[in-house]
Structures are given as C-alpha cells and as structure tokens.
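To keep things clear, I will list the structure first and then write my remarks on it.
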Amino acid sequence: MASTRTGNRRTRVHVVSDVHGNARDLARAGDGADALVCLGDLVLFLDYADHSRGIFPDLFGKENADRIVELRTARRFAEAREFGARLWGGIGTDRAAAIEKAVRRQYEELFAAFPTPTYATYGNVDMPQLWREYARPGTTVLDGQRVEIGGWTFGFVGGGLRTPMRTPYEIGDEEYAAKIEAVGEVDVLCTHIPPEVPELVYDTVARRFERGSRALLDAIRRTRPRYALFGHVHQPLARRMRIGVTECVNVGHFAGTGTPWALEW
C-alpha cells in the first residue's frame with residue numbers, strides 16, 4: 001500500500017510512461033519515492049530511434065525495419081501494412097502467436113522490475129489480456145478506476161484511440177470517454193494519451209499529430225484536477241501547459257531518458 005502523509009511528512013510519487021523495454025532503468029525508477037505510477041507502453045515493438053531494437057527487427061531484420069519506419073513516417077500507412085503483410089507471409093508463421101511470444105518475454109522482465117507499490121495502466125501498444133498473468137503482488141493495474149495515494153485521489157485511464165497504425169490497445173472514442181467519466185473528479189488524472197491540444201499531441205521528430213482525447217480535454221476543463229499526467233507523444237512540441245487550474249504534464253519518453261518525473265506534495 002502507498003503511504004499516507006501524516007504530520008509534516010511529504011509524499012513523493014515517481015511517474016513513467018513509454019517504457020518500451022527499458023527494464024534496467026525501470027528497476028530503479030521508484031528509488032526515493034513512496035510509489036511508482038506507470039502510464040503504459042511497456043512493449044518495444046520497434047524503436048524509431050534505433051531500428052535494430054524491438055520485436056519487428058528481431059523477426060525481420062534492421063533493413064526491413066528501416067523501410068517500415070520510412071513508410072510510416074511518410075504516413076503511407078496502407079503501403080506499410082502491405083509491406084508488413086508480405087514479410088509475415090514470407091516467414092510462414094502465425095503472426096499473433098509470434099507477437100504474443102515476444103511480448104511475453106518482455107513482460108516477464110518488465111513486470112519483475114516494477115517496485116512495490118506500483119500503480120499502472122495500459123498504453124496503446126500493450127496487450128491488457130496478458131497483464132493479469134505478469135502483475136505481481138505490489139503492482140495494481142487500473143483502467144477507468146481510482147486509487148488513493150498519500151491522501152490524493154489518482155484516476156487512471158489506459159489505452160489509445162483508433163488510428164491507421166492499428167496498435168494492439170486502441171479503442172473507440174465513446175468507450176474511452178466512458179472510462180474518463182467513470183473516473184470522475186480526482187486530484188491527479190493519469191492517462192496514456194494526452195488531451196487533444198495541438199501543442200501536446202504534435203511529435204516534432206515524427207512530424208505528425210498523434211491522437212489525443214477530446215473527452216479527456218473536456219474532463220480536465222470540467223473537473224479541474226490538480227494535475228493531468230500522460231505520455232504517448234515521445235517528442236512533444238510542449239511538454240507541459242496549464243489548462244485552467246490544471247497542470248498538464250507529458251511525463252517523458254522513459255525508454256529514452258531513463259528518468260521518472262517526480263510529483264511531491
């Protein structure tokens with residue numbers, strides 16, 4: 001259980017997102033904190049900075065990874081899907097089974113690295129159906145739910161909205177909005193994706209707008225949490241901004257930085 005502040009004792013929470021296989025730094029991410037919060041994307045399918053890392057190059061090699069990154073960056077998603085389909089057809093194996101096997105290897109290492117206590121929600125590249133198998137005592141998985149940490153209420157909404165990328169945990173706008181509504185008024189609203197604000201959803205390296213949530217933006221304006229924390233956009237135009245009284249913070253691309261964002265009160 002997370003500690004509750006008593007007397008003059010302060011509470012410190014470390015927050016990470018977009019871990020993408022960085023188990024080494026994840027094992028130290030909770031050092032000095034009362035709790036770790038993880039906003040998802042544990043899996044590394046393809047590293048856009050180093051095309052030799054991830055499930056895709058492990059299966060198909062770096063040259064093919066270079067090509068699919070080129071197509072996706074140019075937003076030629078239909079060509080990227082056709083290219084991927086040809087690669088899968090060439091190795092003659094069950095795609096879903098091969099991906100699940102690789103994801104399981106990553107989850108085994110990553111969940112073992114979580115400190116106690118950890119509060120986690122899913123990212124858009126995660127496979128929620130597997131989390132219950134790997135979450136150990138001390139790791140609480142939340143999605144459309146709330147928890148109290150140090151006297152503050154934290155709400156969690158995982159996953160992403162549907163895109164041409166077709167990542168594993170993308171859901172419809174109405175389903176996502178229902179989870180936001182279920183969380184209600186909280187001190188800290190924790191999501192994987194950002195609210196739909198251009199400065200928060202534009203990736204300056206990928207040179208594209210990622211999908212943010214209009215329902216999340218509306219909830220921030222309506223319920224006025226102290227903080228709205230998220231990840232998903234690795235190199236955002238703006239890492240933080242205030243919406244009304246709410247401090248909105250992209251907690252960072254943990255796979256690249258290895259450093260958690262700290263919240264203390």
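The values are calculated or read from the model by the stated rules, or taken from the named source; none is laboratory data. Remember, it's a predicted structure, so these values are computed and weren't measured experimentally. All Cβ positions, even for glycine, are placed from backbone atoms using ideal geometry, and neighbour counts span all protein chains on display. Just so you know, the surface numbers come from the protein's heavy atoms only, side chains and all, with ligands and any DNA or RNA stripped out. Shrake-Rupley method; radii C 1.70, N 1.55, O 1.52, S 1.80 Å.
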Cα-only Debye scattering, segment 1-80: base-10 log of I(q)/I(0) at q = 0.12, 0.18, 0.24, 0.26 Å⁻¹:
-0.52, -0.80, -1.08, -1.16
Would you give the gap between the C-alpha center of segment 99-122 and the C-alpha center of segment 205-265, rounded to a whole Å?
23
If you count only protein heavy atoms with a 1.4 Å probe, what accessible area per residue comes out for segment 5-93, rounded to a whole Å²?
47
Could you work out how far apart the two model spin labels at R9 and R162 are, taking each label as a point 7 Å from the Cα in the direction of the beta carbon, and quote it in nm?
4.8
Rg over Rh of the chain, using C-alpha atoms and the Kirkwood radius, what does it come to?
0.97
Report the calculated FRET efficiency for A262 and K101 (r = Cβ-Cβ distance, R0 = 30 Å), to the nearest 0.05.
0.25
Mean Kyte hydropathy of 1.6 or more with a Cα span along the axis of at least 18 Å, helices from DSSP in the chain:
none
Result for segment 126-235: accessible area per residue, probe 1.4 angstrom, in square angstrom, of 45
Rounded to whole angstroms and listed largest first, the alpha-carbon spread of segment 130-253 along its three principal axes comes to 40, 36, 27
Roll a 1.4 angstrom probe over the protein heavy atoms and tell me the percent of accessible area of the chain that is carbon or sulfur.
46
How big is segment 28-181 on each of its three principal axes, counting only the C-alpha atoms and giving the largest first in Å?
53, 34, 27
Under a crude label model (7 Å from the Cα following the beta-carbon direction), how far is T223 from E109 in nanometres?
3.6
Sparse-neighbour loop sites [chymotrypsin sites (Phe, Trp or Tyr not before Pro); segment 172-233; at most 13 other C-beta within 10 Å; DSSP]
none
Cα lying deepest toward the dipole's positive end in the chain, options A78, P260, G40, charges on Cβ:
P260
